[in-house]
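Read-outs: derived from the displayed coordinates by stated rules, not from any lab. The structure displayed is predicted, hence computed values, not measured ones. We place every Cβ from the backbone using ideal geometry, glycine too, and count neighbours over all the protein chains shown.
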Amino acid sequence: MTEIIDGNAVAESIRADLASEIDRLADAGVRPTLATVLMTDDPASETYVSMKQGDCEEVGIETVDVDIDPEAPAEELYDTIDDLNADDDVDGILVQMPVPEHVDKREVLRRIDPAKDADGFHPENVGRLVAGNPRFIPCTPHGIVKLLDSVGVDPEGKDAVVVGRSDIVGKPMANLLVQKAAGGNATVTVCHSRTADLAAKTRQADILVAAAGVPEMIDGEMLSEGVTVIDVGINRVDADTEKGYELVGDVDFESAKAKASAITPVPGGVGPMTRAMLLWNTVKAAADDAS
Ligand code: GUN
């Protein structure tokens, strides 16, 4: 039987653990606070940020909500980040991406105080992860480590194949899987759009992480029996539904499920974990600051 990995349930147990930690911090007079900064009119980004704020409220994390006109000069965003860096009441800062074209994204990531970097995207935190001494781990790959653990899949000694090399998922995922620590010790292959014979690589996988953003690009034919499949994709495709679309992953679920020993669904797999690990990073920032 293939195990369907229940991201909602694992995320719920992480939120429960965080709520206890938040209670403990409250006894010490600390109230974790996340600042979200939104510089776009894009409805999807607005929805993501309001969902993140709702998640915070649910576990007892305070939120500071900054909205910047997308037409405003880049300096307005840089100054906002400087102010939040200097504000002792703010533990974590998240600038929702993408930012407008006239804003230098790298400057945004560099500007956030690395001790308040709830996304784990600051170059210092990226460097620490690569150097094997992580502080804030990017939320999606961190959540995937927790999902693997939840189904008793230890990457040690296994062949892990990561499809996708983004800065926020593929690269940090590969680093976590290869690192000399719990949740790592795998032999890792990173595949991307220029990989020759992708299927030959994915068939080697004991653990496959699909994070390329291409709907259903991995199917059962490309997998070996017993693989654990983690599907990071959330792609809207036209469909004969009330909304006119449906959400599918980067993996063709039914054919992959026929091969896999465990697989994440879309939705309800990786997505809830990404949200839970943002709370984790915020609580960690507050706890580190208090100690
Ligand atoms: N936009 C899409 N995903 C993310 C994320 O994880 N963090 C931020 N800051 N922006 C995003």
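Things to note:
- Cβ crowding within 10 Å averaged over residues, with 263-274, 239-250 ranked highest first: 263-274, 239-250
- Directionally averaged shadow of region 170-221, computed from the convex hull of its alpha-carbon atoms, nm²: 3.9
- Solvent-free Debye scattering, log10 I(q)/I(0), computed from the Cα coordinates of region 139-272 at q = 0.09, 0.18, 0.22 Å⁻¹: -0.23, -0.92, -1.39
- For region 227-290, the average shadow cast by the Cα convex hull is 6.0 nm², which is a quarter of the hull's surface.
- Ellipticity at 222 nm from helices only: DSSP H runs of n ≥ 4 in the chain, each -39500 (n - 2.57), divided by the residue count, give -12500 deg cm²/dmol.
- Low-density loop cleavage sites - trypsin sites (Lys or Arg not before Pro) in region 147-183, where at most 15 other Cβ are within 10 Å (DSSP): Lys180
- With the biggest extent put first, the Cα atoms of region 80-137 measure 33, 29, 14 Å across the principal axes.
- Rounded Å value of the spacing that divides the Cα centres of region 43-78 and region 250-291: 21
- Cα gyration tensor shape of region 5-47, rounded if a/c is under 1.5, else prolate or oblate by comparing a/b with b/c: oblate
- Radius of gyration and Dmax over the Cα atoms of region 76-180, both given in Å: 15.4, 48
- Taking the charge dipole of region 16-84 about its Cα centre, with +1 at Lys and Arg Cβ atoms and -1 at Asp and Glu Cβ atoms, the residue from Thr47, Pro70, Leu18 reaching farthest to the positive side is Leu18.
- In terms of packing, defined here as the mean over residues of other Cβ atoms within 10 angstrom, the peptides 252-259, 212-219 line up highest first as 212-219, 252-259.
- Contact order normalised by residue count of the chain, Cα under 8 Å, 6+ apart, percent: 22
- Cα long-axis angle, helix 270-290 against the chain (0 to 90 degrees, to the nearest 10): 40
- Quotient of Cα Rg and 2.2 N^0.38 Å for region 29-128, N being how many residues it contains: 1.03
- Equivalent ellipsoid semi-axes - Cα gyration tensor, the chain, angstrom: 32, 22, 19
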